[in-house]
């Protein structure tokens, strides 16, 4: 793992390739969450789910700006704030990749088609997966030799881990208590209503 010198005005500790990959990959991860959350008003999200979506949009947008600034301050390529794919080079060929926990194109299309309780259900399922992916990304970062020593990187990675870990149980509560009827397969709902 290569260590890179941090510009003197930004701190004294170095950063690594793992730090660069983390910031570069977390931007599209957050961008997808912003897209998902921004659909709440037009897709008939229940009031409490809509509030959660609005918070996600605001928080993740702010964090995208932080990550873009971190990369730009170090003279590194900065992904677009709306890009939902990480660009990676393998054998001199560039590939677009989804980061851990991100929804596939098919899952995003299904969420976009959903309305009302079905949107709530798919959004919550997708966001639980999304949050776990972010936790996994931080875990991988912290396993890398020399990573997360830069002050901003250390604080941001720890904030992401804490924030995503704290949100998962409430999301599961939403899932279990808030949309219980919509969480059941339709055949179970029909069988129950036939009784």
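In the stretch 41-90, the qualifying residues are those that are closer than 28 Å to residue 124 by Cβ and in contact with a strand residue (DSSP E or B) (Cβ under 6 Å, 6 or more places away or on another chain), and the one that is modelled with the highest pLDDT is 85.
Number of residues in the stretch 1-33 that are under 17 Å from the mean Cα position of the chain (by Cα), buried (at least 20 other Cβ atoms within 10 Å of the Cβ) and either modelled with pLDDT under 85 or under 15 Å from residue 150 (Cα atoms) (or both): the value is 3. Residue-level check: of (1) modelled with pLDDT of 50 or more; (2) part of a helix (DSSP H, G or I), residue 193 misses just (1). Every condition in (1) on the phi > 0 side of the Ramachandran plot; (2) in contact with a helix residue (DSSP H, G or I) (Cβ under 9 Å, 6 or more places away or on another chain) is met by residue 75 except one, and the failing one is (2). The residues in the stretch 46-77 that are surrounded by fewer than 17 Cβ atoms within 10 Å (Cβ to Cβ) and outside any helix (DSSP H, G or I) can be counted, and the count is 3. Taken over the stretch 147-165, the criterion of being more than 17 Å from residue 56 (Cα to Cα) and either surrounded by fewer than 16 Cβ atoms within 10 Å (Cβ to Cβ) or without any contact (Cβ under 8 Å) to a residue 24 or more places away in the chain (or both) is satisfied by 151, 154, 155, 158.
Scanning the stretch 34-45 for residues that are outside any helix (DSSP H, G or I), surrounded by fewer than 17 Cβ atoms within 10 Å (Cβ to Cβ) and touching a helix residue (DSSP H, G or I) at 6+ places or on another chain (Cβ under 8 Å) yields a total of 2.
The values are calculated or read from the model by the stated rules, or taken from the named source; none is laboratory data. Keep in mind it's a predicted model, so treat the numbers as computed, not measured. Every residue, glycine as well, gets a Cβ built from its backbone with ideal geometry; the counts of neighbours run over all protein chains shown.
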